[in-house]
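Worksheet: one structure, shown below.
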Amino acid sequence: MKNPLSDYSDQPFGTIPFKELKKDHFVPAIKSGIRESESSIEKITKNADSPTFENTVLSLELSDGNLETSLTAYYHLFGSESDKDFKNLSDQISPMFAEFQNNVYLNKNLFKRIEAVYKNRKSLNLNEDQRLLDITYKDFIRNGAALNDEDKDKLREIDKELSTLSPQFSKNALNATNEIKLWLEKDDLDGLPKIVIDSAKLAAKDKGNESKWLITGQLPSFLPFLKYSNKRELRKKVHFAITTKCNGGKHDNNDLCKKIAKLKHQRAKILGFSNYADYILEERMAEKQERIYDLLDNLYDSSIEHAKKDLKKITDLAKKIDNIDEIKSLDIAYYSEKLKQNIYDFDDNDLKPYFQSEEVMKGAFKVAEKLYGLNFKLLDNVQTWHDDVRVFEVAEKNGDHVGILYEDLFPRETKKGGAWMNPLRSQGMYENKVLRPHISLTCNLTKPTDDTPSLLTISEVETIFHEFGHCLHGLLSNVKYKRLSGTSVFWDFVELPSQIMENWVTQKETLELFAKHYETGEIISPDLVNKIKESKNFMSGSNCLRQLTFGYLDMAWFGSDNDVDNVDKFEYKAIKKTLIRKPDTPKASISTQLGHIFAGGYSAGYYSYKWAEVLDADAFEKFKEDGIFNRDTAKSFRDNILSQGNKEHPMKLYKAFRGREPKVEALLKREGLN
């Protein structure tokens, strides 16, 4: 049987033939890819010639064969379009790949050759060659190459176990999300805007019940319900289901939290570190836990009083309009929205008609065109994993090919929640030829209904621009080697290109590019633009505190090796200082559903969102000084940051753009926290 993963050279731009892929293709393709890679590595280790960059390090860089593509396709579909049986393949694939990686990193003969090249590294002429060598050597050290045989065996067992635990965490979270359903009768719709009602009707129709309305566990469904529903008891049901997800029951993640954290600490200790955070921070801009806590604590000091004032305003409003003496967690979104309407005389639903998802994407493209001279052409000849997905060729103004962009915007039960960017083919060298990247942009936004197109909240617009920023980082990469390309940078630097793009959303010049009423075509009014800008810092103290909560919790799990008995108690102790009101939802848990740190790459790294906010606010000040569409400033940002990948230390790249190290003042000013 021909396997589409092994040969797809006939596909446009060498894209993956997603429509031809079947569940049975993946395990054989990955096994075949592993065999090819093992054969290539064996040739390296048996080479009788003295080790050189070309016959050792570069040969290793190019040894992936079809393995990288097969794994990339599988894990992309694992998150974007997969049923239970497809997800269960991870029980075979993850341990198989973990064992292969260990076999590579713990290969004595291979490491001996890499070490020999490293000791002679001053003989290399090209900076990128030196950088690839440095990263490769350090990767081997950080994955146990210099350990004794006993510790290598321990590392193998830990990595094998971790390879199954993180996918299980994700599966539990998705399954729990899909099981959240609140069926509504007509009398339950009080307070809900028409667009929310229409979306709930469509969700019910999709489930085969056209006589009712359905609220699901997807963010675009439950969040508007919590904001607008006048039915407090129904809000309580939804809030409880969302906040207690995976904390007990058949999709319980408590034990997985404890096991994953414990194993990561054990792994770090074997490698000579006190804890997992110290291991991670060796390859981060922050470098030390003290610098993380300095950042979190400084922002805490700046935001805590603002957050308390936010709560006081909400509490007073709840008392005034509904005579509620004690506001609950389930009320926060509802009365926050009421307060916002009172202060600014508008809400998100006034903006939605101007934010049709297709037009928002066009707006993001126009921003990229004005900044970087890029063009986006819709393609109809590239295979996708779902009919919702659109594909664009990205090109320079002169027609030169830049890359391929996949756009997947709407939620479905076969897709995990959240938003992310995936490199489906990283930019860099493949078989001695440097290829351009294929990038996917994935979100879970408000779906179209029978009566209206997909109309977005301002927050969803910012999500598109955020992920599009990641995509530009991948698309505009201009390096020689895959290992150095695109988003393969320090984790607390990777959010700079994404978060800086959010700044353009609230700018008048940007909104006029795409914010037009979906029915009349009328450009958004100056009055609404002003209200968007004026309300930008609404609840900024509370919003900052929320992100700090996640940062403190992450560092509690991974900053020291704790013997966690009860996850709820551990979590409460870790985030107590950020709680400005007593918890009132039994079994509410952040940890059991925080896939970022237990099933993603943010373990001991959640702080990087705030770290990168300092960078992006400071960097955008430069754009504001020069003009937000200044081509010279944009060229500097592209040349020094977006195109550079991991060719240099990120602070060196940032200083090349900004002329100095970043300052926190711009962030405090932007958020109204100074």
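Values quoted throughout were computed directly from the atomic coordinates according to the rules given, and no laboratory measurement underlies them. The model shown is predicted, which means the values in this text are computed figures rather than measured ones. Here Cβ is always computed from backbone atoms with ideal geometry, including for glycine, and neighbour counts include all displayed protein chains.
Listed values, structure above:
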read-out	value
Largest to smallest principal axis extent of the C-alpha atoms in the stretch 574-674, angstrom	54, 32, 21
Unit charges at the beta carbon, dipole of the stretch 180-243: most positive-side option, Thr216, Phe240, Trp183	Phe240
Cβ crowding within 10 Å averaged over residues, with 234-247, 462-475 ranked highest first	462-475, 234-247
Peptide ranges 122-129, 493-500, 176-183, 514-521 listed from the most packed, as the mean C-beta count within 10 angstrom indicates	493-500, 176-183, 514-521, 122-129
Neighbour net charge for Thr315 - beta-carbon separation under 10 angstrom, K R +1, D E -1	0
Residue among Met555, Ser274, Gln356 farthest towards the positive dipole end of the chain, charges placed on Cβ	Ser274
Inter-part distance where the stretch 179-217 and the stretch 459-503 are each reduced to a Cα centre, Å	36 Å
Whether the stretch 110-167 is rounded, prolate or oblate, judged on the alpha carbon gyration tensor where a/c under 1.5 counts as rounded	oblate
13 Å beta-carbon shell around Arg412, net charge (K/R +1, D/E -1)	-3
Calculated Rg and Dmax of the stretch 180-243 using C-alpha coordinates, Å	10.3, 28
Cα centre as origin, Lys/Arg/Asp/Glu Cβ charges: the stretch 12-146 dipole, Debye	400 debye
Coordinate range along principal axes, alpha carbons of the stretch 388-471, Å, largest first	50, 30, 21
Reachable aspartates and glutamates, given that their alpha-carbon falls under 14 Å from the alpha-carbon of Lys205 and they are not under 8 places away in the same chain	Glu185, Asp450, Asp451
Equivalent-ellipsoid semi-axes of the stretch 586-632, from the Cα gyration tensor, Å, largest first	35, 11, 9
Cα-based Rg and Dmax for the stretch 353-536, where Dmax is the largest Cα-Cα distance (Å)	16.8, 56
Listed residue pairs exceeding 18 Å between alpha carbons, taken from Lys194/Lys416; Lys245/Lys587; Lys108/Lys154; Lys227/Lys313; Lys2/Lys22; Lys508/Lys610	Lys194/Lys416; Lys508/Lys610
Size of the stretch 218-331 as Cα extents on the principal axes (Å, biggest first)	59, 41, 24
Long-range tail of P(r) for the stretch 206-262 (Cα pairs > 17 Å, %)	53 percent
log₁₀ of I(q)/I(0) at q = 0.10 Å⁻¹ - the chain, Debye sum with one point per alpha carbon	-1.02
